[in-house]
1. Could you check Ala192 against (1) away from the ligand (no atom under 14 Å from the Cβ); (2) modelled with pLDDT of 95 or more and say which number it fails?
2. I need the full set of residues from region 218-235 which are surrounded by fewer than 17 Cβ atoms within 10 Å (Cβ to Cβ) and modelled with pLDDT of 95 or more, in order please.
3. Kindly provide the set of residues from region 70-91 that are surrounded by fewer than 11 Cβ atoms within 10 Å (Cβ to Cβ) and not in a helix (DSSP H, G or I), ordered by number.
4. Which residue out of Phe184, Phe276, Phe248 is of a type in the set (Phe, Trp, Tyr) and within 14 Å of the ligand (Cβ to nearest atom)?
5. Restricting to region 145-175, what's the tally of residues that are at pLDDT 95 or above and among the hydrophobic types (A, V, I, L, M, F, W, C)?
6. Of the numbered conditions (1) within 12 Å of the ligand (Cβ to nearest atom); (2) surrounded by 15 or more Cβ atoms within 10 Å (Cβ to Cβ); (3) under 20 Å from Ile104 (Cα atoms), Ala177 satisfies every one except a single condition; which is it?
7. If I filter region 57-69 for residues that are over 29 Å from Phe234 (Cβ atoms), more than 16 Å from the ligand (Cβ to nearest atom), surrounded by 12 or more Cβ atoms within 10 Å (Cβ to Cβ) and over 25 Å from the mean Cα position of the chain (by Cα), do I get at least one hit?
8. I'd like to verify a number: residues in region 75-101 that are of a type in the set (A, V, I, L, M), away from the ligand (no atom under 14 Å from the Cβ) and either in contact (Cβ under 8 Å) with a residue 40 or more places away in the chain or within 15 Å of Gly221 (Cβ to Cβ) (or both), how many?
Amino acid sequence: MAGQHDISAVKRQAIWRLTSEGETMSAVAERTGVSEQTLRQWIMSAGLDGSDRPRQSPPSGFVALAFTPLEASMMQREARQFYQQMVTRRSVREFSDKQIPASILEHALLAAGSAASGANMQPWHFVVVRDAAIKQQIRQAAEVEERELYATRASDEWLNALAPLGTDANKAFLQSAPALIAIFLKKATIDAEGQRRKTYYTSESVGIATGILITALHRAGLATLTHTPSPMKFLSQILERADHERPFLLLVVGYPAAGVLVPDIERLPLSEIATFV
Ligand SMILES: Cc1cc2nc3c(=O)[nH]c(=O)nc-3n(C[C@H](O)[C@H](O)[C@H](O)COP(=O)(O)O)c2cc1C
């Protein structure tokens, strides 16, 4: 149930949309889920009759949405082109040692940081590793875990699922790729004063941010590998991260090695991945 604070925020925004933005009662009712009758009461209690629409500044804590409607044909083109570009993304396990411009990584990380997150807690931290000695340390630690995984930890079912990918415990790409991005999930945030705040829907949020990061790097002409050495605790130690951060995933980033091959896999058709009701 919405608390006092939430109701007043909805009310402020509804009045602003009806008066300053000139939206209709029915549009605001649909947008807010508040009945038209209640909206009329709100307008009257605010001393407005809804017919005169004074230009007001947005209610405190709100700004106008920066939204550019696209023309129908443009929408079709954008949707198709985005799909066509994304379907060429593949995980790469052999990288060239060509360096990546820092600003490409920075912009991709800023894009990732724009992700939706539970209560806007932004429960992620990205550690970009370009230092050769640290990459070597990460490779060594990952290979210890991966040798264990392939030898004893992984079930036969898991090993069978991995077989078509041709992967093994050797993780040379952790050293050869120009950048590794270690992604940490914040179980809590701690501000400069040491104030601890709980985070919400953390896996969902960090998963969304990671998807945007992979997409941004792909669109910028780079290849990635989503790597999850299991377990990943060694990343916290090597990268000296605090206890409230949990290693989520290790993204290997760079240019693909010349002539690299990738597993010949297929995507499920739309009819299997989506249901329209
Ligand atoms: C959460 C997640 C964990 C993954 N972990 C590994 C990994 O540890 N090692 C690896 O070689 N590939 C890993 N992959 C890559 C998958 O094998 C790959 O995405 C899948 O085979 C589909 O291939 P594609 O990425 O080329 O489309 C992972 C992918 C995801 C999404």
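The values are calculated or read from the model by the stated rules, or taken from the named source; none is laboratory data. Note that the structure is a prediction, hence the values are computed from the model and not measured. Ideal geometry is used to build each Cβ from the backbone, glycine not excepted, and the neighbour counts take in all protein chains shown.
1. Against the list (1) away from the ligand (no atom under 14 Å from the Cβ); (2) modelled with pLDDT of 95 or more, Ala192 comes up short only on (2).
2. Here is the first cut: in region 218-235, the ones surrounded by fewer than 17 Cβ atoms within 10 Å (Cβ to Cβ) are 219-221, 226, 228, 230-231, 233.
Within region 218-235, Arg219, Ala220, Gly221, Thr226, Thr228, Lys233 qualify.
3. Within region 70-91, Glu71, Val87, Thr88 meet the criteria.
4. Phe248
5. Count: 3.
6. (1)
7. yes
8. 1
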